[in-house]
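Report on one structure; see the data block that follows.
The values are calculated or read from the model by the stated rules, or taken from the named source; none is laboratory data. All values derive from a computational prediction rather than experimental measurement. Glycine gets a Cβ as well: all are built from the backbone with ideal geometry, and neighbour counts include every protein chain shown.
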Amino acid sequence: MTNFKDLNLPDDLLENIKSLGYEQMTPIQQASIPHILEGKDIIGKAKTGSGKTLAFALPLINKIKAKEQNPQALIIVPTRELSEQIAQELKKVARYKAGVKVITLYGGTSLTNQVASLEKGADILVGTPGRLLDHFSRETIELSEIKTLILDEADRMLDMGFADDILKIVSNLPKKRQNLLFSATYPDNISKLTSVILNNPINIEIESQEQHISIEERAFKVEERDKALIKTLQSFQPSLALIFCNTKVKTNEIADMLQERGFDTAVLNGDLEQYERQEMLLQFANGSLPIMVATDLAARGLDIEGIDIIINYDIPMKPQEYIHRIGRTGRADAKGLAVTLCDNYAIRKLEEVRPSLKVEDISSLRPNKNFYLQGVVGTLCIDGGKKKKVRAGDILGTLCKDIGIEPKHIGKINVYDRNSYVAIDKSVIKKAFNGLKNGKIKKRKFRVWWLD
Ligand code: ADP
Ligand code: MG
């Protein structure tokens, strides 16, 4: 069964689903909706974007009797954004059924307004644990007729420390009810909720296929991000690290901070001239400046070999940006790590940007305090390139034969139209610099700079 119309449901409901643009069920919907319609308890695990909302919204709306006195369903979610999103989806699915009332209850907004709308009657309550508990203790919500309990994003609610609040609310619900729990992951402590709340649940797990297998993603709850950034670098000890900030100002600040701490750092943002950007990228890619702090300018398309960690100093604003950023590591099947540093704001934002990611405590990391990231090589710039018929082989020839630099001390050579760049081991860079300055390439003299 893959089509909604194969479900034994009223025609007007099916028509509405079709008008919303839904025809084929997603795997989690196929696997869960028939059981939910039978009244079973469900634990549904499927990755973000797999259609979990409709999986519970459709059977719920089908079951709801409009214009009952008291709420019949309670949906507990981690954030206000998710409350709104789910309420909107429920209203769309309920369009065919007159008079279904959905109310959202979350913190940060007026209690009095919420109480006023509750007094007019509601069929479905969607809210966050804290605010729901608040209403319950003020006796402004009536839970005695709740027949369906839904926990969405259960893993995230555990991360946010909501387990006890949830259990308190649930202990006040009628015993005879249907329970549905949805989650993108199964953290170990999820049994804290499942064992108490669910009754003989059916476990449904949809394997995800299209994840970046080679990128490990982690998120850490942090107090001070500067310290946490150093700690992250000293713990994972990367050889090439790309750090993202959301503003140009911040990239400069963080690059300066790292530089002061002995990390050789490049910065990339839209304030730089084109040639500066090119030089920054080049020094990052050739290892002279093994850290680069960048805005989202560097998030797309950039394909630099050997970036083994990307760090979100600032959390990206949108899921797409997150995907683009982390895609800078783990290229060409190499293993990569993506770390997001989360203050309180970012923990909430992560819900929207990467809901499947579990937030860990940064104190679990074991940094090596003596670790610094410094370029083993430096970069020399020569004022001759393709236009003057300079080739990489010519530069290599001069360095090895004329100046006596060993090939193993010579890194990447990049030849552009007007300039060429060569990475040289710092132990011999002075010798190479003087040699090039005083010597000749293809029997011609060139000017040479030492970039830093
Ligand atoms: P999840 O909660 O699993 O992360 P959502 O319920 O938010 O995922 O659904 C993700 C997107 O997929 C939404 O935009 C939703 O409208 C869409 N969607 C859900 N079910 C279907 C379906 N059967 N056909 C087409 N699109 C769907
Ligand atoms: Mg969801």
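Residues in the stretch 327-366 that are polar (S, T, N, Q) and more than 10 Å from the chain's Cα centre (by Cα) were compared, and the one that is nearest to ligand 2 (Cβ to nearest atom) is Asn344. For the stretch 424-440, the set of residues classified as surrounded by 15 or more Cβ atoms within 10 Å (Cβ to Cβ) and either over 26 Å from Lys389 (Cβ atoms) or among the charged types (D, E, K, R) (or both) consists of Asp425, Val428, Lys431, Lys437, listed by residue number.
Within the stretch 250-356, which strands (runs of 3 or more DSSP E) (wholly inside it) include 1 or more residues that are in contact with a Cys (Cβ under 8 Å, 6 or more places away or on another chain)? If you could, list the steps in order and put the result at the bottom.
Working: elements: 265-268, 291-294, 309-312, 336-342.
So the answer is 291-294.
Close Cβ contacts (under 9 Å, 6 or more residues apart or on different chains) running from residues in the stretch 89-102 that are in contact (Cβ under 8 Å) with a residue 12 or more places away in the chain and in the same structural domain as Ala116 (by TED's automatic domain parsing) to residues that are more than 16 Å from ligand 2 (Cβ to nearest atom) and among the acidic types (Asp, Glu) comprise Ala94/Asp123; Tyr96/Asp12; Tyr96/Glu15; Lys97/Asp12; Gly99/Asp123; Val100/Asp123; Lys101/Asp123; Val102/Asp123.
Quick check on the stretch 40-65: of everything there that is assigned to a helix (DSSP H, G or I) and in contact with a Lys or Arg (Cβ under 8 Å, 6 or more places away or on another chain), which residue is surrounded by the fewest Cβ atoms within 10 Å (Cβ to Cβ)? Spell out the reasoning first.
Kept after step one, since they are assigned to a helix (DSSP H, G or I), are these residues of the stretch 40-65: 52-63.
From the residues that got through so far, the ones that are in contact with a Lys or Arg (Cβ under 8 Å, 6 or more places away or on another chain) too are 61, 63.
Working: Ile61: 27, Lys63: 15.
Filtering first and then ranking leaves Lys63.
Residue count for the stretch 89-116 satisfying the condition of being exposed (fewer than 14 other Cβ atoms within 10 Å of the Cβ) and outside any loop (DSSP other than H, G, I, E, B): 3. Number of residues in the stretch 382-423 that are assigned to a strand (DSSP E or B) and surrounded by 22 or more Cβ atoms within 10 Å (Cβ to Cβ) equals 5.
Of the residues Ile124, Ile141, only one is farther than 28 Å from Gly21 by Cβ, crowded, with 22+ Cβ neighbours inside 10 Å and in the same structural domain as Ile197 (by TED's automatic domain parsing); which? Give the steps one after another, and end with the answer.
On the way: Ile124 fails: farther than 28 Å from Gly21 by Cβ.
Only one candidate passes the filter, namely Ile141.
Only a single criterion out of (1) away from ligand 2 (no atom under 15 Å from the Cβ); (2) modelled with pLDDT of 95 or more; (3) of a type outside the set (A, V, I, L, M) is not satisfied by Ser32, namely (1).
Here is the figure for the stretch 1-39: residues that are surrounded by 13 or more Cβ atoms within 10 Å (Cβ to Cβ), under 23 Å from Ile202 (Cα atoms) and within 13 Å of ligand 1 (Cβ to nearest atom) total 12.
Look at Leu181 and say whether it is surrounded by fewer than 20 Cβ atoms within 10 Å (Cβ to Cβ) and in contact with a Ser or Thr (Cβ under 9 Å, 6 or more places away or on another chain). So that I can check it myself, show each step before the final result.
Working: surrounded by fewer than 20 Cβ atoms within 10 Å (Cβ to Cβ): no; in contact with a Ser or Thr (Cβ under 9 Å, 6 or more places away or on another chain): yes.
So Leu181 does not fit the description; no.
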